[in-house]
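The block underneath contains the structure these notes are about, expressed in structure tokens.
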Ligand code: SF4
Ligand code: SF4
């Protein structure tokens, strides 16, 4: 990795602690990723990004700030990046996916908070992640209770704007989210000093739609009997999409999709024939959380789809590009984002419909419903998800886990048994 020490120092990071993180990540990545065989060549880009994860993109964000630009840190797939990019800002995902940051979060949060929230707070307060240092402002949302309270703690340390997400999907809720998007636009304009216009918002809508289409192409390639990419690699692409430049993200995903489509034509699969095809559903898997994919794919299964925010929820559905007024665009954005089916909504039967549809589209042999420990929303919804799948005769395994490795062997035993059952 190039030498980014000076940059990290200027960001006020805790270098000593950060060194410890820099030591473990490459080892974990090597074990999980570089041990795979027959990977698509297009993954070289993503491997490079990971090898420089705290250097290369942060340097670009700092260069943007040096030109007077602003960086917005976000935590949820309901936050419309389009508004930020329209005003010349940059959006970057901030969700923490490493156990390394959890103890820092536990200093201020109850232990019974989900690891994603604890890691996100810990990464900020412990000053061990450049992305969390660089962002000029954080954008939270009123999705789950843990997040709502975490924003209050973070607001003591960093400028914070919270978007009030409705929890139902009636017409008035769509209108309410459109209003919130308009209010967010005011905040973005104030922060960047730039005005959002119909033209620049339309450009941003097209740009983010193009990114969604590119990611969807990679996922489409996974629907084939020939599986041209491992679930682990597809997950890595999605995780990196949250903070890469959207145009480059689309370019790289399209190049990867070209290669995967070619592999399918030529019958090149990364798994032996007969490998059990698994759909993962549940809570998000932020980088570097590769635990379940790794266990499934080293136990004789293949992850072919993720019904998660780090999966289909991130790219399915496009925003209408034909609106000619800002009001029309806010409504179009609201309509698209409200098609996401997070467990924070009630009722949320559309998510179950999504899971059934994806199980069919990706021709899966079984579903693993994965919940991050202490996520009451997804845990509770797991009851209906698993019940419906069983009724439809689709094998399902529900698991709850966190970012530690302490349960890895126990999970492996359960996942192996689940895969075995499908034979
Ligand atoms: S699971 Fe829900 S709250 Fe979490 S990122 Fe996804 S949409 Fe947002
Ligand atoms: S995983 Fe659950 S508890 Fe954690 S942030 Fe997402 S919705 Fe909230």
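The values are calculated or read from the model by the stated rules, or taken from the named source; none is laboratory data. All values derive from a computational prediction rather than experimental measurement. Note that each Cβ is placed from the backbone with ideal geometry, even for glycine, and that neighbours are counted across all protein chains shown.
Please list, ordered by first then second residue, the pairs with beta carbon atoms under 8 Å, 6 or more apart or interchain, first in region 135-150 and under 18 Å from residue 102 (Cα atoms), second within 12 Å of ligand 1 (Cβ to nearest atom) and part of a strand (DSSP E or B).
147/140; 147/141; 148/140; 150/140
Taking residue 60 as meeting all but one of (1) surrounded by 21 or more Cβ atoms within 10 Å (Cβ to Cβ); (2) assigned to a helix (DSSP H, G or I), write down the number of the exception.
Residue 60 satisfies all of (1) surrounded by 21 or more Cβ atoms within 10 Å (Cβ to Cβ); (2) assigned to a helix (DSSP H, G or I) except (1).
Can you confirm whether residue 310 is over 30 Å from residue 106 (Cβ atoms) and either more than 16 Å from ligand 2 (Cβ to nearest atom) or surrounded by 15 or more Cβ atoms within 10 Å (Cβ to Cβ) (or both)?
For residue 310, the condition - over 30 Å from residue 106 (Cβ atoms) and either more than 16 Å from ligand 2 (Cβ to nearest atom) or surrounded by 15 or more Cβ atoms within 10 Å (Cβ to Cβ) (or both) - is not met.
How about region 63-104: which of its residues are farther than 30 Å from residue 182 by Cα and either under 20 Å from the mean Cα position of the chain (by Cα) or without any contact (Cβ under 8 Å) to a residue 12 or more places away in the chain (or both)?
Across region 63-104, the qualifying residues are 97, 98, 99, 100, 101, 102.
Could you tell me whether any residue of region 331-338 is more than 14 Å from ligand 1 (Cβ to nearest atom) and surrounded by fewer than 16 Cβ atoms within 10 Å (Cβ to Cβ)?
yes
Taking helices (runs of 4 or more DSSP H) that do not extend beyond region 176-292, which have at least 1 residues that are touching a strand residue (DSSP E or B) at 6+ places or on another chain (Cβ under 6 Å)?
The qualifying helices (runs of 4 or more DSSP H) are 231-241.
Looking for something out of contact with any helix residue (DSSP H, G or I) (no Cβ under 6 Å at 6 or more places or on another chain), within 24 Å of residue 49 (Cβ to Cβ), outside any strand (DSSP E or B) and more than 16 Å from ligand 1 (Cβ to nearest atom) - is there at least one such residue anywhere in region 298-312?
Taking every residue of region 298-312 in turn, at least one turns out to be out of contact with any helix residue (DSSP H, G or I) (no Cβ under 6 Å at 6 or more places or on another chain), within 24 Å of residue 49 (Cβ to Cβ), outside any strand (DSSP E or B) and more than 16 Å from ligand 1 (Cβ to nearest atom).
Considering only region 6-14, I want to know if a residue exists there that is at pLDDT 95 or above, within 20 Å of residue 302 (Cα to Cα) and not in a loop (DSSP other than H, G, I, E, B).
No.
Please specify each residue of region 279-292 satisfying the condition of being away from ligand 1 (no atom under 16 Å from the Cβ) and over 20 Å from residue 421 (Cβ atoms).
Matches in region 279-292: 288, 290, 291.
If you take the residues in region 406-423 that are surrounded by 12 or more Cβ atoms within 10 Å (Cβ to Cβ) and not in a helix (DSSP H, G or I), which one is farthest from the chain's Cα centre (by Cα)?
Out of the qualifying residues, it is 422.
Determine, yes or no, whether residue 168 is in contact with a strand residue (DSSP E or B) (Cβ under 7 Å, 6 or more places away or on another chain) and touching a residue at least 12 places away in the same chain (Cβ under 8 Å).
No: the conditions fail for residue 168.
Please go through region 82-99 and give me each residue that is within 13 Å of ligand 1 (Cβ to nearest atom) and touching a strand residue (DSSP E or B) at 6+ places or on another chain (Cβ under 9 Å), ordered by number.
Within region 82-99, 93, 94, 95 qualify.
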